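Readers should treat all values here as calculations from the given coordinates under stated rules, not as data from a laboratory. Just so we're clear, the structure is a prediction, and the values are computed from it rather than from any experiment. Because the Cβ atoms are built from the backbone with ideal geometry, glycine has one as well, and the counts that use them run over all protein chains shown.
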Amino acid sequence: MANSYDVIVIGAGPAGYVAAIRASQLGMSVACIDEFRRKGSEPALGGTCLNVGCIPSKALLDSSEQYHKVTDELAGHGINVSGVDLDVSKMIARKDKVVADLTGGIQQLFKANKIEWLQGHGKLLSDRRVEFSPHKGKKQTLEAGSVILATGSKPIEIGAAPTDGERVLTSDGALEMTEVPKRLGVIGAGVIGLEMGSVWNRLGSKVVLLEAQEEFLAPVDHQVSRDAKRQFEKQGLDIRLNCRVTETRQGKTVSVHYEDKDGSQNIQVDKLIVAVGRRPNTEELAHEDVDLLTDERGFVHVNDHCETNIPGVYAVGDVVRGPMLAHKGSEEGVMVAERIAGKPGHVNYEAIPWVIYTDPEIAWVGRTEKQLKNAGTPFRSGTFGFAANGRARAMDKTAGMVKILSHAETDRVLGVHICGSQASELIAECVVAMEFAASAEDLARTIHAHPTLSESVHEAALAVDKRAIHKAN
Ligand code: FAD
Ligand code: AMP
């Protein structure tokens, strides 16, 4: 191990490991310090995303979808299946293998790019020095031309529902349950709460989600969130809004006390998942002599180019402002590596796609109708439902719609909101459109293959100008 590098990255999640690879591609010597240990023992690259976030949650969403298909959907196709047996331990083991394969893949990429993986804790010192405390061995002081902080985030805990890793769980624990709880409570009906609630609902739990806000999925376009809520409730998710959890008591079950508009309420559940958001990992990140500026919520303060207040020190991903999304962190990592190399790196924060991997999926990019109204921006809106889409009908996936918002004068696409099957894939076309400053007319004049779900994007673009073909405008 050297003690001086061009770049030291602290954190090997999708923000940090991508920054490390890009810096190495640009000819720099790179070390990446990461303290994560899978299930408390084995060091693993990939951070939250690969180990306890995006990937394991999608693996379980996929497994539970397969199960739901067999138990609830195949009969409609004339396929009768009997003797269906659920082996949750095997499902979890499959998820673990997906994770292990992918984190192993990052390790290979580090080797190929000659990036030094330092297993342990990193702490920023003055003058672009970093204190490295390995899992095994003595502390060392390393020097760098530039330091990139990419330490990510962890679940927020609330006093009313302390987690114990047994009955009251964070999202980490929700990905490890080996039995289907009869009754599952989820505090927080946000992205993670809905995804975890969907997994266990499909596998047979009776799921109740308690959400503090009055509005369901507040950041999502209202028309889309209303549509999605209806679909989730049809599937059996019990979503209770305006609920403030005040206390939990544990015995053989968990007693969850909460207040809603009618007063004090109580539910009994076998497991409780606390999914009320995440907070940045900034404890023990900088030595007390280092004046690293953070904001009131603990995020490292950065400008549009992810420069902190300390020259030569950058911060990217969940530890800084902006959406807590893996791809946002990765793009920031690429931008910072390129700027360190003297290139013009840039992130377009206006065109970051968001996805919720429920059924139907919810995906969006750009502005909501409410945001446009509040900003006084004149806009036109075009919608098209999947119920009128041939492919969606053939797939029995008729729930949801596409909504396109474009500027009333220039027709430039300002936002696209999709609720429906494969919304996560459909949104990519819309992100490209926004990156290229496309108009709704551009999308309307682009040929979309038939029969595909993407024809609903095409029709929604036509509907902006009230000329959709397969609906009355
Ligand atoms: P992280 O992935 O959190 O990585 C930070 C790494 O730094 C960790 O390994 C940590 O151990 C290490 N570290 C922290 N402090 C130190 C230190 N001082 N020294 C050394 N190492 C340190 N996002 C999506 O885009 N799509 C999804 O589908 C999605 N699903 C999710 C599902 C769940 C259940 C969860 C919890 C999150 C999900 N996310 C999703 C969010 C996504 O995981 C995060 O946005 C992303 O991981 C952030 O990347 P990051 O590199 O900034 O930080
Ligand atoms: P997300 O940020 O998408 O992970 O969503 C977290 C959700 O949890 C948000 O919708 C919050 O409104 C909700 N939330 C936060 N604190 C509480 C709480 N104490 N009780 C219920 N819901 C909460």
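Sort 117-124, 211-218, 25-32 by packing, meaning the average of other beta carbons within 10 Å per residue, with the highest value first.
Result, highest mean Cβ count within 10 Å first: 117-124, 25-32, 211-218.
Give me E116, E35 sorted ascending by neighbouring Cβ count inside 10 Å, so fewest comes first.
Listed from fewest to most nearby Cβ atoms, that is E116, E35.
Each residue of the stretch 123-137 in turn: what ³J(HN,Hα) in whole Hz from Karplus with 6.51, -1.76, 1.60 and θ = phi - 60°, glycine and Pro shown as x?
9, 6, 10, 6, 6, 6, 9, 10, 8, 10, 10, x, 4, 10, x
Below 8 Å, C-alpha to C-alpha, sequence gap of six or more: please give me the relative contact order for the stretch 168-276 in percent.
This gives 36 percent for the stretch 168-276.
For a quick check of your reading of the filter: which trypsin sites (Lys or Arg not before Pro) in the stretch 251-296 sit in a DSSP loop and have no more than 10 other Cβ atoms within 10 Å?
K252, K261
Taking amide H atoms as placed 1.01 Å from N in the peptide plane, list the residues 5 or more away in sequence, or in a different chain, whose amide H sits under 5 Å from that of I239.
Residues meeting the criterion, in which the H sits 1.01 Å from N, are L209.
Give me Y17, Y258, Y314 ranked fewest to most by other Cβ atoms within 10 Å of their Cβ, as a rough exposure proxy.
By the 10 Å Cβ count, ascending: Y258, Y314, Y17.
Considering only the other residues whose Cβ falls under 15 Å of the Cβ of V316, what net charge follows from Lys and Arg at +1 and Asp and Glu at -1?
Once all neighbours under 15 Å are counted, the net charge is -3.
If you plug each phi of the stretch 33-43 into the Karplus form 6.51 cos²θ - 1.76 cosθ + 1.60 with θ = phi - 60°, what whole-Hz ³J(HN,Hα) values come out, in order, with x for Gly and Pro?
9, 9, 9, 5, 10, 5, 6, x, 10, 7, x
To the nearest 20 Debye, how big is the dipole of the stretch 266-344 about its Cα centre, given +1 on the beta carbon of each Lys and Arg and -1 on that of each Asp and Glu?
400 debye
Quick one: check the C-alpha center-to-center distance for the stretch 188-248 versus the stretch 17-87, whole angstrom.
For the stretch 188-248 versus the stretch 17-87, the Cα centre distance is 22 Å.
Once you have all Cα-Cα distances for the chain, histogram them in 20 Å bins from zero and send the whole-percent values.
22, 52, 25, 1
Please list, in order along the stretch 345-360, the HN-Hα scalar couplings obtained from phi with the Karplus expression 6.51 cos²θ - 1.76 cosθ + 1.60 (θ = phi - 60°), rounded to whole Hz, x for Gly and Pro.
x, 7, 10, 8, 5, 7, 10, 9, x, 10, 9, 10, 8, 8, 10, x
Using unit Cβ charges (K, R positive; D, E negative) and no other charged atoms, how large, in debye to the nearest 20, is the dipole of the stretch 83-228 about its Cα centre?
In debye, rounded to 20, the stretch 83-228 gives about 660.
In which sequence would H327, H417 go, from the one with the fewest C-beta neighbours within 10 Å to the one with the most? Don't jump to the answer; show the numbers that get you there.
Values: H327 18, H417 31.
Least crowded to most crowded, the residues run H327, H417.
Percent antiparallel among DSSP beta bridges with both residues in the chain, to the nearest 5? Present the calculation step by step, with values, prior to reporting the outcome.
Working: 52 of 84 bridges.
Of all bridge pairs located within the chain, approximately 60 percent are antiparallel.
Taking amide H positions as placed in the peptide plane 1.01 Å from N, state which residues far from I148 in sequence (5 or more) or on other chains have amide H under 5 Å from it.
The answer is I8, V9, I10, Y314.
Using a Förster radius of 22 Å, what is the FRET efficiency between D260 and Q223 based on their Cβ-Cβ separation? Nearest 0.05, please.
My answer for the efficiency is 0.30.
Go through the stretch 330-377 and name the trypsin sites (Lys or Arg not before Pro) that are in a DSSP coil and have 10 or fewer other Cβ atoms within 10 Å of their Cβ.
none
Placing +1 at every Lys and Arg Cβ and -1 at every Asp and Glu Cβ, with all other atoms neutral, what dipole size does the chain have around its Cα centre, in debye to the nearest 20?
Value, rounded to 20: 720 debye.
For the chain, what's the relative contact order in percent, using C-alpha pairs closer than 8 Å and at least 6 residues apart? Working shown, then result.
Values: 1025 pairs, mean separation 67.3, N = 473.
For the chain, the relative contact order is 14 percent.
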